[in-house]
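The values are calculated or read from the model by the stated rules, or taken from the named source; none is laboratory data. Quantities reported herein were computed from a predicted structural model and do not represent experimental measurements. All Cβ positions, even for glycine, are placed from backbone atoms using ideal geometry, and neighbour counts span all protein chains on display. Just so you know, the surface numbers come from the protein's heavy atoms only, side chains and all, with ligands and any DNA or RNA stripped out. Shrake-Rupley method; radii C 1.70, N 1.55, O 1.52, S 1.80 Å.
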Amino acid sequence: MRRATSPEAPEVSAIATTARSRLPFDKLGVLIAAMAGSAAFLPFATFRVNRIVLGEGRALFAALPFGEAAFLAIAIAAGIVLAVSKTPARWRLAVSLAILVALCVAIGHASTFLTPPGDRMARVSPGSGFWLSIFAFALLAADAIVRLKLAPIVRIGILAAVALFLALLLASGTLSDLSILREYANRGDTFWREARTHLALALGSLAVAVVAGVPLGIVLHGRRGWRAPVLSVLNVIQTIPSLALFGLLIAPLAWLAANVPLAAALGISGIGAAPAMVALFAYSLLPVVANTVVGLDNVPPAADDAARGMGMTDWQRLVGVQLPLSFPVILTSIRIVLVQNIGLATVAALIGAGGLGVFVFQGIGQSAMDLVLLGAVPTVALAFVAAVVLDATVEMASTRSARRGRD
């Protein structure tokens, strides 16, 4: 039975839509305000008498001198009001960045304020309230950047400015009394060695995956019958947990090192960098191969036909037309793989491959959470930087590719 509809129904729907659009508050801002408001009831900093005992949470006004705590509380309250109200995106970006700067400076001052003079055993680390506030206003800044629709080069410029600010803050010594910086002071040389190893694992496996995966994707583009079995195998590899795959590679690589002199001479063994590189390479293949196939499949037929009409050979069309037009899609797979591998390289420390995961697992074994942060925070920062830079690069490549396709 058909339900009768009133001629006024479209008008009622339009009025409801208009009413929602005129709501005096921002929906995402309400969520951000809830997070920032909740952070006020959580510890701003955590004090420990040494690096392994349980800490005592200190609220904002207990972690900082009264004047500085009051200034930060007023700034956060203003940020909450701004987040909830429908204000211009430029204001939201400026205020959120200013509050993030204030939070970073304040946590450094809190570590100095809470540490007894001359005490090298005490540890002060950021509390849950600090981290929740950072996340809330970072989300506000990210939302403002999206609303402003900033050009890729501007987004990279903002990232560079943030990195420069953090570098200057670290160089100034403002954060030196934080527990993570004290852990770094004891392990500076080791930290940079493991950071280089981490990058070598992530970038090296990515490079090998691109060298092998792009040609394989080109082959699958031309031979559609091979796609299902090859991509199915690569999908199965993706389902294997990383630690399990690392373990599965130990025995065959150990046998290879024992029976093939060249393999042993190249440093291949059952543990260490070799199984880590092989596992990361295996995980990287599916995104690279699949995106290469999709990118080539989506090349506009008109562009391909025009190249064919100009008398180009298959190789010339591939190199001069198809790959350039599919490059943004392939570059998207590189972004996915790099961010993925930066995270997975952390787990490789369990099989002796090194990397920033060394500090994570040492810290877990010693119940020293500040040591865990020494490995985890740089890993997250590297993944974030890689995502932002490559996202901007993908957007620039897409614009250039679209322009070339029209020409």
Checklist outcome for this item: In the chain, taking the dipole from +1 charges on Lys and Arg beta carbons and -1 charges on Asp and Glu beta carbons about the Cα centre, the listed residue (A273, F61, M396) farthest towards the positive end is M396
Checklist outcome for this item: Going residue by residue through segment 178-185, the Karplus relation 6.51 cos²θ - 1.76 cosθ + 1.60 with θ = phi - 60° gives ³J(HN,Hα) values, rounded to whole Hz and with x marking Gly or Pro, of 5, 4, 5, 6, 5, 5, 5, 4
Next on the checklist: For the full complex of protein chains and a 1.4 angstrom probe, list H198, H221 by accessible area with the highest value first.
Outcome noted: H221, H198
Next on the checklist: For the ranges 199-209, 110-120, what's the packing order if you count other beta-carbon atoms within 10 Å of each residue, average per peptide, and put the highest first?
Outcome noted: 199-209, 110-120
Item to check | Kirkwood estimate for segment 278-338, i.e. one over the average of 1/r between Cα atoms, Å | outcome: 12.4
Checklist outcome for this item: Each label sits 7 Å from Cα toward the beta-carbon; between F66 and E395 the label points are separated, in nm, by 4.7
Checklist entry - Over what distance in Å are the Cα centres of segment 67-130 and segment 138-193 separated? => result 15
Checklist outcome for this item: Share of Cα-Cα pairs in segment 252-365 beyond 23 Å, whole percent, is 53
Checklist entry - For the chain, what % of the accessible area comes from carbon and sulfur atoms, probe 1.4 Å? => result 71
Item to check | segment 20-149 - Rg over Rh from alpha carbon coordinates, Kirkwood radius | outcome: 1.06
Next on the checklist: Keeping every protein chain present and rolling a 1.4 Å probe, give me the accessible area per residue for segment 188-406 in Å².
Outcome noted: 48
Checklist outcome for this item: Computed over segment 325-407, the relative contact order (Cα-Cα under 8 Å, seq sep at least six) in percent reads 39
Checklist entry - In nm, to one decimal, how far is the modelled label at A171 from the one at V53, with both set 7 Å along Cα→Cβ? => result 3.8
Item to check | Which of L249, L140, L216, L168 is most accessible, then next, and so on - probe 1.4 Å | outcome: L168, L216, L249, L140
Item to check | Lys/Arg +1, Asp/Glu -1 at C-beta; the chain dipole; positive extreme among H198, L374, L28 | outcome: L28
Item to check | Highest-fluctuation residue, S284, S333, S172 considered, GNM on the chain with Cα pairs under 10 Å | outcome: S172
Checklist outcome for this item: Given a Förster distance of 25 Å, the FRET efficiency implied by the Cβ-Cβ spacing of K86 and F384, rounded to the nearest 0.05, works out to 0.35
Checklist entry - So for the pair L199, A265, with labels modelled 7 Å out along Cα→Cβ, what separation do we get in nm? => result 3.1
Checklist entry - How would V329, V299 line up by accessible area, probe 1.4 Å, largest first? => result V329, V299
Checklist entry - Within the P(r) computed for segment 188-406, what percentage of the Cα pairs occupies the region above 31 Å? => result 32
Item to check | Top of L150, L262, L325 by mean-square fluctuation, Gaussian network on the chain, Cα under 10 Å | outcome: L262
Checklist entry - What are the residues whose amide H is under 5 Å from the amide H of A45, where those residues sit 5 or more places off or on another chain and H is modelled from the backbone? => result R58, G127
Checklist entry - In whole Hz, what ³J(HN,Hα) sequence does segment 271-281 give by Karplus (6.51, -1.76, 1.60; θ = phi - 60°), x for Gly and Pro? => result 10, x, 6, 4, x, 5, 5, 5, 5, 5, 4
Item to check | 1.4 Å probe accessible area per residue over segment 20-149, in Å² | outcome: 51
Next on the checklist: What's the magnitude of the charge dipole for the chain around its Cα centre, counting Lys and Arg as +1 and Asp and Glu as -1 at the beta-carbon? Answer in Debye, nearest 20.
Outcome noted: 700
Item to check | Helical mean residue ellipticity (222 nm; -39500 (n - 2.57) per DSSP H run of 4+; nearest 500) of the chain | outcome: -25500 deg cm²/dmol
Item to check | Alpha carbon Rg of the chain, scaled by the compact-globule rule 2.2 N^0.38 Å | outcome: 1.23
